[in-house]
Structures are given as C-alpha cells and as structure tokens.
Amino acid sequence: MVKTDFKDTLKLKLKEVFGYNSFRGDQEVIIKNILAGKNTFVIMPTGAGKSMCYQLPAVMQEGTAVVISPLIALMKNQVDQLRALGISAHFLNSTLSKTEAKKVKKELLEGTVKLLYVAPESLTKDDNIELLRQCNISFAAIDEAHCISEWGHDFRPEYRKIRTIITHLKEGIPIIALTATATPKVRNDIQKNLNMEDADIFLSSFYRENLFYEVLPKINPEKQLIKFINKHKGQSGIIYCLSRKKVEEIANLLKVNGVKALPYHAGMDSSIRMQNQDAFLNEDAAVIVATIAFGMGIDKPDVRFVVHYDAPKSLEGYYQETGRAGRDGLESYCLMFFSPKDITKLEKFNKDKPVTERDNARILLQEISYYANSSVCRPKQLLHYFGEYKNGGCNHCDNCLRPHEPFEAKDDVLLVLNSVKLTEERFGIEHIIDVVMGKNNEYVNSYDHHKLDVFGKGKSEDKAYWNTVIRQSMISGFVKKDRDNITILKLTEAGREFLQNPYSIKFTKDHDYENEDLQDIDDTGNGNSHAFDETLFELLKGIRKKIAKQKGLPPYVIFQEPSLEEMATTYPTNIEQISQINGVGIGKARKFGSEIVKVIKNYVEENDITPASDVIVKSAVDKSKTKIYIIQQIDRKIDLEDIADNKGISFDDLLDEIEHICYSGTKLNLDYYIEQIMDDEKIDELYDYFMEADTDRLEVALNELDEDISEDEIRLMRVKFLSELAM
Ligand SMILES: [Zn+2]
C-alpha cells in the first residue's frame with residue numbers, strides 16, 4: 001500500500017509542479033532511486049528527459065540540490081524555466097553581479113533554494129565551498145558527466161575535482177551523474193572518478209527510430225547541400241561546419257540560393273549571435289549554419305535535419321549533434337558529408353595538444369573514418385559504439401536502404417580471431433592487419449610474429465579489406481576493445497566460441513568512395529558535352545526565336561545558349577527556378593520566362609520526367625564585396641579607370657567583373673562612360689551590329705566590325721546593349 005501511495009505522490013507532484021501527466025522512459029524508477037538516497041548513474045540520450053530526473057526529487061526533498069553543469073548559457077535557461085514554474089532555483093557562476101550573488105547566498109542560507117546550478121569553476125572557489133558547507137544539501141547532480149573523462153569528446157579538467165569537493169561539503173551526499181553520451185570506456189571512467197562504482201546504473205537505449213542516417217562522399221558539397229535543402233524546403237535545420245569561415249561562407253551561399261539561413265559561431269558579436277539564435281528558434285530563419293558551439297541547451301523540437309558539412313570530431317559529438325533533430329519524435333534526417341581530407345585537417349588541429357590528448361583525439365577520428373566508410377547499418381554502428389547491441393538493420397539508413405553485396409566471411413573471421421589469440425590479445429587493429437598480411441616490419445619481427453602460423457595468410461587481400469573484417473567482427477561481438485587501453489583488441493566469449501565452432505557468417509564490403517560508381521551522386525554539373533536533353537534544347541531554341549521575333553530582338557538577348565542547355569538539364573518549371581539558371585536574373589526570368597516555363601512543363605509531363613532532378617548552385621560570389629563595390633561606383637558615375645585603380649585591379653579584370661554582373665542579371669548603366677570615350681557614330685554602329693548579330697560572341701564581333709573599334713569598346717557596348725534590352 002505504501003508503494004502505491006508513493007507512486008501516486010510522485011505522479012501528483014509531476015502534474016502539480018511540471019504539468020505532465022506521465023513519466024517518460026525510466027524517469028520514475030530513477031527518481032525513486034534518488035529519493036531513496038542512493039548514488040545514481042543516468043545515461044540517457046539527448047531529449048529523453050534527463051533533467052526531470054533530478055528536478056523533481058530536488059523539489060520533493062528537504063534542502064538544496066546542487067546541480068553541476070559546464071554550460072553557463074544553459075544554466076540561466078533552466079533556472080528561468082524552473083522559476084516560471086514557481087520553483088526556487090538559482091545559479092552561481094561568473095556572470096552574476098555582486099548584488100545578485102549576495103541575494104543568492106542569502107536565500108541559500110535561509111534554506112529556501114531547491115536547486116542551485118553551479119559551474120565547476122565556481123564550485124572550486126573557497127568562498128563557495130564555505131557557503132555550501134553551511135547549507136543543507138539534498139544531493140549533488142553532475143550533468144554532462146562525460147566531461148570528467150579524458151576519453152570523452154568534451155574533457156574538462158575542473159570536472160576531475162568535483163568528487164573531492166563534494167566529499168568536503170558533507171559526508172555521504174548522494175551523487176547523481178548524468179550524461180547523454182558515454183561509451184563503455186567513458187562510463188567506466190566517470191564511475192571511477194566520482195568514486196561511485198556502487199551506483200545504480202540506468203541506461204536508456206540510444207536508438208532513435210525517427211532519425212534517418214546517411215553519409216555522402218563530399219564531392220561537390222555545395223550542390224549536394226542545396227539539393228538536400230531543396231528537398232526539405234521550409235523545414236527547420238542545423239548545418240554544422242568546422243570553421244567560422246566555412247560557417248559564413250555556407251550561410252551566404254544558402255542566402256544567395258534563396259534559403260533563409262543565418263550564421264552562428266563564437267567569433268561573432270554576441271548580440272548578433274543571440275539575435276540569430278532567436279531568429280532560428282522563432283522560425284524567422286529556417287536554417288542555422290553553425291560551428292559545434294551551437295546547439296548546447298537548444299531545445300527546438302521540430303528540427304527536421306542536421307547536416308554535418310564537415311566531418312565531426314568524434315562519434316559522441318556526432319551522435320549528440322544529430323540528436324538535436326526530431327525531438328518531437330517525427331521523422332528527421334541526419335546527413336554527413338565525408339571526405340578523408342577533413343580527417344587530415346582535424347588531425348592538424350590536434351597537433352598542439354599534449355600527447356595523450358592528441359592520441360585520444362586521433363582514435364576518435366579513426367572511429368569517424370570507419371563509421372563513414374562502413375557498409376554496416378548506421379544506427380547499429382552508433383549503438384555498438386555506445387555499448388549497445390542492436391539485432392538486424394534499421395531500414396532507416398543509407399546502408400540498409402542501399403545494401404552492399406554480402407560475402408562469406410567465415411574463414412577470414414577465423415584468421416583474424418586466431419591472430420588476435422596467437423598474439424596474446426596484446427595488440428591493436430594495425431598490428432593484426434600487418435600480421436595477417438605478412439608485413440615483415442621490425443615491429444612484427446621483434447615479437448617473432450613473423451613466425452606465427454597465421455603470418456601472411458591473408459596476403460591476397462588489401463588493408464581496407466582486413467579493416468572491414470576486423471571492424472565487422474567487432475560489431476558482431478567477436479572482438480572488443482580493451483577496457484583500459486582501447487587500442488588493444490580482446491576476444492569476447494562469442495569470439496572464443498566461434499574459434500571452437502566456426503559457422504557461416506556474412507559481412508558486407510565497405511564503401512570505396514574513391515572508386516565507387518558515383519553516377520547518382522552528381523558531378524560538378526558544368527553541363528559537359530551533351531549531358532543535356534537535346535530534344536528539349538531544340539524546342540527551347542525554337543521558343544527563343546519566336547520570342548525574339550515578337551520583341552524585335554536578337555535571340556541571344558533573350559537567353560544565352562548555355563542558359564538553354566542548363567534548362568534542358570534541370571527542367572525548371574516556374575519563374576523562380578528559371579531565375580536560378582546561370583545567366584538569368586529574376587528580371588529576365590519575369591520578362592521572357594513565362595513561355596519557356598509552359599514549354600518545359602508540358603515536355604516534362606509528356607515525357608514523365610521528374611523535374612528539378614538537378615540543382616544549379618548560384619555562386620555566393622555573385623554578391624562579393626568587389627561586385628557590390630563596382631555596382632555602387634557605376635551608379636555614382638565614377639570613371640571605370642578610377643574604379644579599377646581603387647580596387648587595385650586591371651581594366652581588363654574590371655571588364656570581366658562588369659560582364660559577370662551583367663550576365664548574372666544585374667542592369668548596369670554605363671552611358672556616362674561610353675559617351676566619354678566613343679562618338680555617337682561608333683555607338684550607333686555597335687548598337688546596330690548587336691541588333692542584327694546571331695551571337696554576341698566577342699571573336700565574331702571583332703571579325704565583322706571595323707578595325708578602328710577596339711575590344712574594350714565592343715565589350716562595353718555589349719553590356720549596355722544587354723542591360724537595356726535583356727533585363
Ligand atoms: Zn540501418
């Protein structure tokens with residue numbers, strides 16, 4: 001009976017204080033465990049309701065619960081939320097003013113504070129320790145507990161001092177450690193460091209069924225990205241880039257291509273950064289492009305996609321970042337662009353780190369590489385990384401939907417397991433591969449491993465192949481990483497059994513992005529010879545002629561041939577899409593596009609073509625500072641020579657820029673300059689020439705026109721002509 005009461009009280013409190021009708025996942029058992037005063041270790045994926053696990057018991061118990069969190073920004077957010085619910089909560093960190101800190105201290109001593117959030121740096125301060133010693137502490141909750149471990153992706157040295165300080169506060173304060181990402185190794189580390197090996201562990205499944213995982217080789221990522229976002233038009237998404245510069249670049253690129261995107265990184269002015277974050281939260285911006293600084297403490301439920309434009313630094317980080325998608329439980333996408341070059345770049349970043357840290361970082365990067373190249377179900381790999389075994393595939397990742405050819409691996413698994421055994425389970429993947437492949441190097445020889453029976457037995461296959469066999473043997477549970485030294489492979493029970501009684505087992509060949517058939521992954525889209533639809537192209541040329549006749553203009557003024565080729569490749573079916581074609585601005589699209597749209601629409605329907613199968617990326621350079629400068633200067637009627645001088649470019653380069661601006665659809669009025677350098681007669685002659693010509697090509701014009709007309713003059717008049725008639 002007492003039990004039922006207890007349960008009811010919990011539920012009543014949950015409803016009364018937080019307004020929820022029921023607990024999620026393991027929340028209830030965890031809360032009971034804390035209320036019973038036991039040490040508790042909670043491992044729960046992001047978004048599964050971790051904070052409730054300590055917030056409710058804090059409210060229900062006498063005294064103050066101390067919550068240690070590394071995220072100062074998140075702290076304020078949580079405290080605000082709690083206070084809005086009428087719960088007395090405070091935080092102590094470096095952002096408080098003296099008066100504010102005084103107020104917090106006063107309330108603490110009065111014993112009215114239920115939850116106190118502290119940054120680890122503040123916890124180590126003598127005054128604060130002295131203050132907390134005078135308070136009645138109900139328990140200590142350590143959030144983001146993986147920060148304790150050097151093996152984690154977010155090691156913070158101050159976290160190592162937490163245990164000593166808590167003991168110093170009062171003997172026997174129960175500890176609750178919480179983390180969203182912990183590999184078995186990190187988990188072990190956390191427990192050891194907090195001296196809580198006796199803790200009850202609550203491990204929730206890391207499997208998020210609503211997330212679709214995919215890795216694409218990074219071949220033409222800008223185009224791949226825009227294609228992906230077009231498929232998710234209007235949806236909310238996060239794009240992670242490695243550097244601040246990349247963040248700015250990609251945010252710009254997306255803007256130019258009609259996506260409401262904003263940048264976010266630590267180098268920005270903090271008020272603008274907050275503005276951008278708010279715009280994303282309030283849906284004024286659909287997409288935020290960010291370094292991984294973004295997202296901690298962000299609780300937007302309807303993020304529909306998370307893209308890693310650059311490779312992440314670790315699988316823990318990757319899992320946590322992708323975990324920001326689909327918190328509302330609806331289908332969401334996690335896409336990573338992978339290039340081995342990114343890994344090399346990240347390795348360079350680690351160069352200046354202390355040796356152990358650098359080695360750890362390198363191991364984390366190896367895991368990313370392998371994850372990206374692997375043909376095994378993505379969630380299965382991620383779960384395996386977090387020590388969770390998943391049976392079968394997920395049918396919800398690229399590898400499950402586009403399975404690779406399986407091969408019989410029995411003999412090769414045997415060879416690998418035997419090699420691990422014969423080298424006394426004291427070596428890592430690289431060494432095992434050397435032995436299997438018969439590499440006669442000093443290291444192998446120094447252990448006499450070249451004399452082993454297994455030496456060179458796998459000579460006929462390459463290194464990548466053996467990597468595949470070993471990695472998939474790990475995921476199948478035959479070998480595992482050693483707990484204390486994760487670079488060493490150990491046989492598992494299942495592995496020993498397999499050695500005794502081997503059986504047929506199928507593995508799959510991994511990706512070989514460099515040699516794989518990448519036909520469906522897009523080339524650069526430059527419209528190589530006749531990659532376009534020739535029938536449609538001819539049709540479009542006909543239409544162009546018709547329009548030209550109606551308007552009394554030469555056809556090339558309407559649309560240039562490369563533009564038509566592009567249309568015959570991408571099948572744009574509305575004015576907006578037409579305006580995305582290179583050489584066509586929105587003005588031109590509106591002026592001449594409607595007929596073209598009609599024809600393409602019909603053609604697409606009749607021939608059952610899926611339009612927009614390809615994406616044209618408008619280069620962000622269109623809006624480069626130089627171009628904007630040139631447009632402004634021409635508006636002010638500054639002589640072209642002066643513009644070139646001021647920009648430090650040659651006159652020829654300036655003309656290139658001007659032509660580029662004009663062909664991208666921006667009108668330029670050069671009359672003020674042209675009238676200075678040419679007489680009316682020449683101007684008329686050139687104007688008439690362009691009106692009659694079949695093409696606006698410079699070589700043709702030079703050939704046909706009088707010798708006293710210079711190349712520069714032709715180019716300038718061409719811009720004038722197109723600006724007046726084509727836009
Ligand atoms: Zn899968």
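The values are calculated or read from the model by the stated rules, or taken from the named source; none is laboratory data. Please read all numbers here as calculations on a predicted model, not as lab measurements. Here the Cβ positions follow ideal geometry from the backbone for every residue, glycine too, while neighbour counts run over all protein chains shown.
Restricting attention to region 544-577, the residues that are hydrophobic (A, V, I, L, M, F, W, C), under 43 Å from the mean Cα position of the chain (by Cα) and part of a helix (DSSP H, G or I) total 6. Taking each residue of region 385-403 that is within 19 Å of residue 479 (Cβ to Cβ) and looking for partners that are of a type in the set (D, E, K, R) and near the ligand (Cβ under 8 Å from one of its atoms) with beta-carbon atoms closer than 7 Å, six or more apart or interchain, yields 390/380. Checking each residue in region 678-707 for being touching a residue at least 24 places away in the same chain (Cβ under 8 Å) and not in a helix (DSSP H, G or I) picks out 678, 693, 694, 695, 696. Please determine, by comparing only the residues of region 370-415 that are buried (at least 22 other Cβ atoms within 10 Å of the Cβ) and more than 20 Å from residue 319 (Cα to Cα), which one is farthest from the ligand (Cβ to nearest atom). Across region 370-415, the extreme among qualifying residues is 412. Counting residues in region 191-199 that are surrounded by 15 or more Cβ atoms within 10 Å (Cβ to Cβ), outside the structural domain of residue 123 (by TED's automatic domain parsing) and away from the ligand (no atom under 16 Å from the Cβ) gives zero. Scanning region 38-77 for residues that are free of Cβ contacts under 8 Å to residues at least 60 places away in the same chain and assigned to a helix (DSSP H, G or I), which turns out farthest from the chain's Cα centre (by Cα)? Among those that are free of Cβ contacts under 8 Å to residues at least 60 places away in the same chain and assigned to a helix (DSSP H, G or I), it is 60.
The numbered conditions (1) within 16 Å of the ligand (Cβ to nearest atom); (2) farther than 30 Å from residue 323 by Cα are all true for residue 458 except (1). In the condition set (1) touching a Ser or Thr at 6+ places or on another chain (Cβ under 9 Å); (2) within 16 Å of the ligand (Cβ to nearest atom), residue 340 is compliant with all but (2). The residue that is surrounded by the fewest Cβ atoms within 10 Å (Cβ to Cβ), among those in region 108-139 that are of a type in the set (Gly, Ala, Ser) and more than 27 Å from residue 293 (Cβ to Cβ), is 111. What do you reckon, is residue 367 more than 16 Å from the ligand (Cβ to nearest atom) and within 27 Å of the chain's Cα centre (by Cα)? When the stated conditions are applied, residue 367 passes them. For region 367-387, the set of residues classified as in a helix (DSSP H, G or I) and more than 16 Å from residue 337 (Cα to Cα) consists of 379, 380, 381, 382, 383, 384, 385, listed by residue number. Each residue in region 650-676 was checked for being more than 17 Å from residue 727 (Cβ to Cβ) and surrounded by fewer than 16 Cβ atoms within 10 Å (Cβ to Cβ), and 8 pass. Comparison of 454, 435 shows that the only residue that is part of a loop (DSSP other than H, G, I, E, B), β-branched (Val, Ile, Thr) and surrounded by 14 or more Cβ atoms within 10 Å (Cβ to Cβ) is 454. Scanning region 585-628 for residues that are hydroxyl-bearing (Ser, Thr, Tyr), modelled with pLDDT of 75 or more and under 33 Å from the mean Cα position of the chain (by Cα) returns a single hit, 626.
Taken together, the residues in region 133-188 that are on the phi > 0 side of the Ramachandran plot and within 32 Å of the chain's Cα centre (by Cα) amount to 1. Across region 213-223, the qualifying residues are those that are at pLDDT 90 or above and outside any strand (DSSP E or B), and the one among them that is farthest from the ligand (Cβ to nearest atom) is 222.
Residue by residue, here is whether (1) out of contact with any strand residue (DSSP E or B) (no Cβ under 8 Å at 6 or more places or on another chain); (2) part of a loop (DSSP other than H, G, I, E, B); (3) modelled with pLDDT of 85 or more holds:
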residue	(1), (2), (3)
259	no, yes, yes
267	yes, yes, yes
272	yes, no, yes
278	yes, no, yes
284	yes, yes, no
295	no, yes, no
298	yes, yes, no
301	yes, yes, no
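If you filter region 145-173 down to residues that are of a type outside the set (A, V, I, L, M, F, W, C) and crowded, with 23+ Cβ neighbours inside 10 Å, you find that the one that is modelled with the highest pLDDT is 146. State whether one or more residues within region 439-449 are more than 16 Å from the ligand (Cβ to nearest atom), modelled with pLDDT under 90, touching a Gly at 6+ places or on another chain (Cβ under 9 Å) and not hydroxyl-bearing (Ser, Thr, Tyr). Yes, the conditions are met somewhere in region 439-449. Does region 418-429 contain at least one residue that is under 29 Å from residue 217 (Cβ atoms) and within 16 Å of the ligand (Cβ to nearest atom)? Taking every residue of region 418-429 in turn, none turns out to be under 29 Å from residue 217 (Cβ atoms) and within 16 Å of the ligand (Cβ to nearest atom).
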